[in-house]
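Peer 1: The following block contains the structure, expressed as structure tokens.
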Amino acid sequence: MEPPKTPGRRRDRRGRGMRGPAVLPLAATGHRPPLPRSRRETFDRIMLDVVTDIDARWSEHLGLVEYAVEDAPQLPDDWDSGRVPLSSLVRGSGTRPTRLVVFRRPLEHRAADRADLEAIVLTVVVEQVAELLGIEPGQVDPRYPADDD
């Protein structure tokens, strides 16, 4: 004779534990846990934070600048440099705005953790903005690491 079934209970095959969702449904808890961010979303958030801060301070001197993130640079077949570019700066002319592009994958490859990635993104953006303005990177943002030569 079979034992009576308990309503709402699932079978425990092979002793591996109960089957079912790992997270309680929305009705039981009243809220959903945040979805994990992808690496791309995390990078975009870091880039947005850095650019927003710098653009707020220097927008009147910079003029119209487009900021963009691309996964990797498109290198020509005859590229013979042993280094991969981390960013690209194309100065605007006439009605075309200046375009600052940061390449996500090369920067992520160089970073050990999120704090390191934030520091690298800040350094790259500050150096490009400093080149655009013709000033020292330390003047663009006080968080820029100083040279201790």
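Peer 1: Once you sort the root eigenvalues of the Cα gyration tensor of the range 91-149 as a ≥ b ≥ c, which label holds: rounded (a/c under 1.5), prolate (a/b larger than b/c) or oblate (the other case)? All intermediate terms of the calculation are to be shown ahead of the outcome.
Peer 2: Values: a/c = 3.12, a/b = 1.32, b/c = 2.36.
It is oblate, given that a/c is not under 1.5 and a/b is not larger than b/c.
Peer 1: Among 65-77, 94-106, what's the highest-first ranking by average C-beta atoms within 10 angstrom per residue? Write out the running numbers ahead of the final one.
Peer 2: Details: 65-77: 12.5, 94-106: 16.0.
In decreasing order of mean packing, 65-77, 94-106 become 94-106, 65-77.
Peer 1: Determine the sum of side-chain charges near Ala130: Lys and Arg each +1, Asp and Glu each -1, restricted to other residues whose C-beta is under 10 angstrom from that of Ala130.
Peer 2: -4
Peer 1: Could I ask something else about it? Just the accessible area for His109, please: 1.4 Å probe, Å², rounded to the nearest 10?
Peer 2: The accessible area of His109 comes to roughly 150 Å².
The values are calculated or read from the model by the stated rules, or taken from the named source; none is laboratory data. Please read these numbers as outputs of a predicted model, since none were measured by experiment. Positions of Cβ are generated from backbone atoms using ideal geometry, with glycine treated the same way; all protein chains shown enter the neighbour counts. When the accessible area is computed, the model is the full protein with side chains, heavy atoms only, and any ligands, DNA or RNA have been set aside. Shrake-Rupley method; radii C 1.70, N 1.55, O 1.52, S 1.80 Å.
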